Structure formats: C-alpha cells, structure tokens
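The values are calculated or read from the model by the stated rules, or taken from the named source; none is laboratory data. Since we're looking at a predicted model, the values are computed, not measured. Here Cβ is always computed from backbone atoms with ideal geometry, including for glycine, and neighbour counts include all displayed protein chains.
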Amino acid sequence: MAPRHANDQRVNLPFTCRLAQPLQIGQTINIHGKINPDGKRIELNLLKGDSELAKGQSQALLHANIRIDEATVVLNSFLDGKWGDEERVANPFKAGEDFDLRIRCLDGFFEVRLNGEKVHEFKYRSPFNETEFLQVKGDCIVDGVHWGGKLYQVPWETAFQGQQPLKLGSRIELYVIPKGDRWTVDFIAKNKETLFHFNPRMAEKKLVRNARKGGFWMKEELDFEGDFPFQLDGGATLVLINETEAIQIEVDGRRVCSFKHRATNPISDYIGFRIDGPVEVTNMDFQYPQ
C-alpha cells in the first residue's frame, strides 16, 4: 500500500499547478495513488515557460514517462526546442496496484524513488530551481500531490509546537531513508529524560522501544506485527501517534507496533523530539489536534 497523508486530496488528471516558490535543495515532490487496471503510462513534467510542453517557449527540466506496459521509466529533458538523451531504468509499478513516486532535489541531480526504492540519479541539465509548473498525466488515480521538506541535519532536535507538550491525538509523520544499522527517534521530557525511544536495528531486524528514567534504561519492548518494515536506502513513511494509552507506530500506512506510556502524564510530559543515527529525513510533519 502506498503511504497516505493526513492532508491528501484526490486530484483530477491531467493535473497542472504553478509552484508558489522555487524548488530548493532537499525538497521532494511526491505523487501517490493507484494505477488503473488497464493502465499503460504515467507522465510527470517539471516545466518552465509554459504549463503545457507543446506550447510556446515551454521547457521540461525533467520529463518522467513511466511506461507500465514496458516495465520501463524513461527520463529526459526538453530544452530549447529539443529532446535530450533518454535515461532508462526498470519500472516496478504494475497495473491495478498502488504507487508512490518521489522526485528529490539534491546537489547536482534529481533523485528518483519508486515505491520507496532509489532507482536513478538524473543530473540537472538546466537549473532545477527555475521550475515553474508541475504536471501529472496518465492512467491512474492520484490521491495526493505534495512537495516540500528540506535536508534535515541529523542529529535533529526540536521542541513541540509553541514550546508546549505534545497533545493527545498528535501525529508526527516522517519520511525516512535508513543509511546504517541503528537509528533512533526519541520523545524528550523537561528534565531531558528519554520517555520514548524508538530504535530500529536493521541488521537484527528489530524494532526496539524503551524509555530511560533516573539514569537507567527500562525494559525493552521488541514485538511487532508483520514483516520488518524498513530496508537500507529504502524510503518509508513513519508515523507516531500519541494516544491515550500508548504511542502507536505506523510504517507506510500499516500499524507495526505500539509503546505503552511510561511517562507519568502523557498529556504534559513529552516536550521535545529528537532523531539521531544513520538515517536521512526528507520530510517532517507535525499534526496537532485543535
């Protein structure tokens, strides 16, 4: 299942929008939904000059033609009235199935991820931050189009909204790309104790949850549902939900485990958030109840 976002909104195809601000290094464009049962092609264009590739002075800084019927993705550019050299990669998308496409702007190239897996680096042929329009076409239902994020420098630590405790019902959504064996996500108390510690261990395929109080680690929790949800260099959407009895943990829209609160008062004790270790974070979304 493709990951879902709390602010998803289905869009009609063809879909074209003008970007309100220039793209920046570290930002990601994410399109996800479901391919039609008889779907053959999906197309994404990052355009400059006009909202339609065939008109006027329009240029495609990136043209991604996802060919379901050929199991291939063709990447190219259309600059100064000419197509460039094609770059082709294998396409894992299949007709009738969910899909997740991500284009990430990095130093010197677009990083292309299909269903969380990095498949290609498309070197810039024209400045990426000159993109004016995003266009999506093809044989699919698009449940969400999102862009934003940045390069988070890990370790990353922040207080929750307004320097206030994390409310019940709050959701923290992260897009993570594990780069090494052990990385961590922590909820921190006012006295700097770690009240929630989430530690995926890639080599052991363990999801360790714990808390550290009074200078000592408490008893670990290790059980989880289904298969181990992370893979090295594979992108995944991690969601943490602060509920009445426990913190619920979801990965790519699937509940995998929980952690019963060891905080004295889960309504007021969680005041900060920290992520550390060999992991890239390209999106961080804090969703607070009204």
One residue is enough: does the stretch 195-209 have a residue meeting the conditions touching a residue at least 12 places away in the same chain (Cβ under 8 Å), in contact with a strand residue (DSSP E or B) (Cβ under 7 Å, 6 or more places away or on another chain) and closer than 19 Å to Gln161 by Cα? yes
Taking the conditions exactly as written (within 21 Å of Gly149 (Cβ to Cβ) and either among the acidic types (Asp, Glu) or not assigned by TED's automatic domain parsing to the domain that holds Arg171 (or both)), does Asp223 satisfy them or not? no
So which of Leu101, Leu23, Leu61 ends up being aliphatic (A, V, I, L, M) and more than 21 Å from the chain's Cα centre (by Cα)? Leu61
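Out of Gly226, Gly215, which single residue is of a type in the set (Gly, Ala, Ser) and out of contact with any strand residue (DSSP E or B) (no Cβ under 9 Å at 6 or more places or on another chain)?
Details: Gly226 fails: out of contact with any strand residue (DSSP E or B) (no Cβ under 9 Å at 6 or more places or on another chain).
Selected residue: Gly215, the only one of Gly226, Gly215 that is of a type in the set (Gly, Ala, Ser) and out of contact with any strand residue (DSSP E or B) (no Cβ under 9 Å at 6 or more places or on another chain).
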Given the condition within 26 Å of His261 (Cβ to Cβ), of a type in the set (Ser, Thr, Tyr), at pLDDT 95 or above and within 21 Å of the chain's Cα centre (by Cα), answer yes or no: does some residue in the stretch 171-193 qualify? yes
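Need at least 1 residues that are within 30 Å of Pro37 (Cβ to Cβ) and touching a Gly at 6+ places or on another chain (Cβ under 8 Å) per element, so show me which strands (runs of 3 or more DSSP E) inside the stretch 117-185 make the cut, counting only ones lying wholly within it.
Numbers: elements: 117-123, 133-138, 140-148, 156-159, 171-178.
Filter on the stretch 117-185 gives 117-123, 133-138, 140-148, 171-178.
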Residue list for the stretch 111-151, restricted to those being within 19 Å of Met284 (Cα to Cα) and out of contact with any strand residue (DSSP E or B) (no Cβ under 6 Å at 6 or more places or on another chain): Gly148, Lys150, Leu151
Just one of the numbered conditions (1) closer than 18 Å to Asn129 by Cβ; (2) hydroxyl-bearing (Ser, Thr, Tyr); (3) without any contact (Cβ under 8 Å) to a residue 40 or more places away in the chain is not true of Thr72; which one? (1)
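Considering the stretch 75-116 alone, what residues qualify as being free of Cβ contacts under 8 Å to residues at least 24 places away in the same chain and either touching a Ser or Thr at 6+ places or on another chain (Cβ under 6 Å) or in a loop (DSSP other than H, G, I, E, B) (or both)?
Hits for the stretch 75-116 are Asp80, Gly81, Asp85, Glu86, Arg88, Gly108.
Would you check if Gln21 is out of contact with any strand residue (DSSP E or B) (no Cβ under 9 Å at 6 or more places or on another chain) and either outside any strand (DSSP E or B) or at pLDDT 95 or above (or both)? If you could, list the steps in order and put the result at the bottom.
Details: out of contact with any strand residue (DSSP E or B) (no Cβ under 9 Å at 6 or more places or on another chain): yes; either outside any strand (DSSP E or B) or at pLDDT 95 or above (or both): yes.
The answer is yes for Gln21.
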Specify the residue that is surrounded by the most Cβ atoms within 10 Å (Cβ to Cβ); the eligible residues are those in the stretch 201-225 that are over 18 Å from Ala246 (Cβ atoms) and not basic (Lys, Arg). Met202
Give the stretch 233-254 a look and list any residue that's within 19 Å of Lys206 (Cβ to Cβ), over 17 Å from the mean Cα position of the chain (by Cα) and not small (Gly, Ala, Ser), or say none. Ile247, Gln248
